[in-house]
Amino acid sequence: MEQTKYEAKTHTSYNKRLKESRFKVLLLLYRMGGIPLNMKSVSRLNAIYNVSLIVCFYVTNIGVGVDMLVHRQELTLAMKNFRTYLGMLMTISLHFSVR
């Protein structure tokens, strides 16, 4: 009985380390994007960074949308803004689904 508990503990800790090493780049990118995955506690500096990152992203998104509407008569500029705006909308949907 004791041996199975010990094997289960080592197996789960091994899997956690394996996941950390295998998905290190993705976890780093998510954490840099303001999504603290697999973190036990978030520092105050990280919390401030997350809030400022999200606020800046949404303000930039609103600014690109307004700029697209203001310059809708100039087709080339409007299309450049639309491509940026569409990419940002996809990022917003990813942010909402992961968050």
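Within segment 18-29, one or more residues are more than 13 Å from the chain's Cα centre (by Cα) and not in a helix (DSSP H, G or I).
Conditions (1) at pLDDT 80 or above; (2) under 21 Å from His95 (Cα atoms), marked per residue:
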{"site": "Arg22", "(1), (2)": "no, no"}
{"site": "Leu26", "(1), (2)": "yes, yes"}
{"site": "Ile35", "(1), (2)": "no, yes"}
{"site": "Asn38", "(1), (2)": "no, yes"}
{"site": "Asn50", "(1), (2)": "yes, yes"}
{"site": "Val64", "(1), (2)": "yes, yes"}
{"site": "Arg72", "(1), (2)": "yes, no"}
{"site": "Ala78", "(1), (2)": "yes, no"}
{"site": "Arg83", "(1), (2)": "yes, yes"}
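The set of residues from segment 40-82 being surrounded by 12 or more Cβ atoms within 10 Å (Cβ to Cβ) and under 25 Å from Leu26 (Cβ atoms) comprises Val42, Asn46, Ala47, Tyr49, Asn50, Leu53, Ile54, Phe57, Tyr58, Thr60, Asn61. Please tell me if Val59 is within 21 Å of the chain's Cα centre (by Cα) and at pLDDT below 85. Considered against the rule, which asks whether it is within 21 Å of the chain's Cα centre (by Cα) and at pLDDT below 85, Val59 comes out as no.
The values are calculated or read from the model by the stated rules, or taken from the named source; none is laboratory data. The structure presented is a predicted model; accordingly, all values stated were derived computationally and were not measured. Cβ atoms come from the backbone with ideal geometry, glycine included; neighbour counts cover every protein chain shown.
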